[in-house]
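Comments concern the structure below.
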Amino acid sequence: MAITKIHRITTTLIHALNYIENKSKTDDNLLVTGYGCSPEIAAIEFEQVRRNAMKPGGTLAFHLIQSFAPGEVDYETAHKIGVELADKVLRNRFQYVVATHIDKDHIHNHIVFNSVSFTDYKKFHCTASVYRYIKRHNDILCSENGLSVITIPQSKGKSHYEHLLDKKGQSWKSKLRKTIDYCILKARNWDEFLFLMDKEKYEIKCGKYISFRAEGQERFTRSKTLGDHYTEESIRKRIAGESVRLSSKEPDIRNSLVIDIENNIKAMQSKGYANWAKVFNLKLVAETVNYLSENNISDISTLDSKISELSDKLYKKKERSKANEKRIKVLEEQIKDIEVYRKTKPVVEGVPKHFGKEKYRHEHEAEFILYAAAERSIKKAFGDKKLPLIKELRAEQKKLKTEADKLWAEIKNERPQLDELRKMKNNIDRFLNSDNQHDRSRDRKRSYELE
């Protein structure tokens with residue numbers, strides 16, 4: 001779980017940057033990343049871009065804070081998520097500095113970014129829809145990295161005791177909300193949601209209102225008492241909405257998992273649940289067989305080969321796309337450095353030969369700092385080679401962006417097929433394993449009767 005909040009910086013940008021880049025908080029600045037700027041002189045470089053703004057004045061920068069639950073994420077992963085969120089939100093248009101603070105129990109990222117884009121000099125507008133966009137992609141990144149995603153419900157009133165426990169995340173209702181949110185994220189239909197809740201060791205009671213009871217809990221909790229987002233109708237809608245986002249296909253039973261009736265505690269305790277599980281498994285196996293037949297998959301080895309082939313194919317595309325995006329960022333840095341170098345070089349070379357040198361340097365201190373930083377970066381990137389033309393770098397950047405977008409589109413279209421094949425394989429393995437266990441149990445029973 002990661003929570004985000006954002007506010008404007010209207011004064012003392014340098015103090016904000018100095019605070020987030022504190023060496024004692026960022027593992028000696030190992031957890032500090034800059035884009036479009038050098039973190040140590042980011043305030044000056046931000047200002048250089050803002051001077052070209054179509055509407056000068058107002059907000060200097062924005063400060064986005066991303067906080068993680070204690071013990072849920074390591075330093076490197078937290079920093080990676082922060083950089084990915086900045087890239088997703090700012091789309092390579094705004095300079096930013098990401099700093100991960102590790103001096104508290106909860107790891108958190110500080111993302112300070114310029115209010116003006118260095119590509120078109122337009123300002124960043126922080127509206128309600130923009131914040132929803134940030135929150136949505138924050139949740140997606142958390143999900144992709146195995147972190148919990150919490151939906152904040154419009155809940156009914158809580159007792160004082162519940163409120164205190166909720167602050168610590170310890171109440172039965174708080175834990176149930178988190179489990180429901182997690183299962184909704186994973187499930188693609190209602191049956192799979194119930195299966196996942198059962199897997200999380202919740203007893204389920206279906207009546208007029210669906211209720212859940214955790215291990216050790218005395219009474220069932222009606223889901224509707226958790227808030228409007230947790231009624232059965234709302235849960236079904238949230239599952240359907242998630243399925244639509246993940247795949248254009250209508251969700252069906254094939255996406256569920258076979259229930260291990262022999263070892264399922266609920267099936268042992270409830271004959272009704274066991275009968276429901278048997279029917280569910282039969283439907284699931286029939287759908288699985290139909291799917292394999294439709295896709296000309298006649299045996300398990302063919303299925304394994306298809307999974308391996310498609311998995312390798314998608315992995316290579318993903319790595320290639322990531323390499324392109326990495327190169328695009330490098331090119332953007334090089335373009336920025338060359339532009340700054342060429343813009344500030346005349347100022348640096350314009351130092352008076354005789355009188356007024358110190359005064360001149362003082363008046364143009366920012367240009368001298370920018371020139372020195374750009375010169376270092378250029379030397380590191382190109383050595384003694386002739387500087388490339390910016391239009392050539394832009395052309396390469398455009399080509400790489402087009403290819404990366406195409407690759408990600410292909411991955412998005414092909415990934416559901418891989419997920420489907422893996423689910424089919426999982427279902428077959430579970431069903432065969434369950435069938436073998438049933439045969440062994442029956443053999444033991446016959447052996448006992450013969451003795």
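Structure above, values below:
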read-out: Segment Ser148-Glu294, extension gain: residue separation times 0.36 nm, minus the distance between their alpha carbons; value: 48.9 nm
read-out: Enclosed volume per residue, in Å³, of the convex hull spanned by Cα atoms of the range 33-114; value: 94 Å³
read-out: Dimensions (Å) - the range 2-144, Cα atoms, principal axes, largest first; value: 44, 33, 21
read-out: Whole-Å semi-axes of the ellipsoid equivalent to the range 347-423 (Cα gyration tensor, √5λ, descending); value: 50, 15, 11
read-out: Cross-link table Lys318/Lys412; Lys353/Lys380; Lys80/Lys423; Lys123/Lys380; Lys88/Lys401, entries beyond 21 Å C-alpha to C-alpha; value: Lys353/Lys380; Lys80/Lys423; Lys123/Lys380
read-out: Separation of alpha-carbon centers, the range 193-239 and the range 411-429, rounded to whole Å; value: 28 Å
read-out: Burial order of peptide ranges 71-83, 321-333, 343-355 (average beta-carbon count within 10 Å, highest first); value: 71-83, 321-333, 343-355
read-out: Rg and Dmax [Cα atoms of the range 62-106; Å; Rg one decimal, Dmax integer]; value: 11.2, 33
read-out: Thr12 paired with Phe382, simple spin-label distance in nm, labels 7 Å along Cα-to-beta-carbon; value: 4.0 nm
read-out: Residue exposure sequence - Thr33, Thr119 - by fewest surrounding Cβ within 10 Å; value: Thr119, Thr33
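Bear in mind that the values in this text are calculations on the coordinates, not laboratory data. What you see is a predicted model; the values in this text were computed from it and never measured. Heads up, the Cβs are rebuilt from the backbone with ideal geometry, glycines too, and the neighbour counts pull from every protein chain shown.
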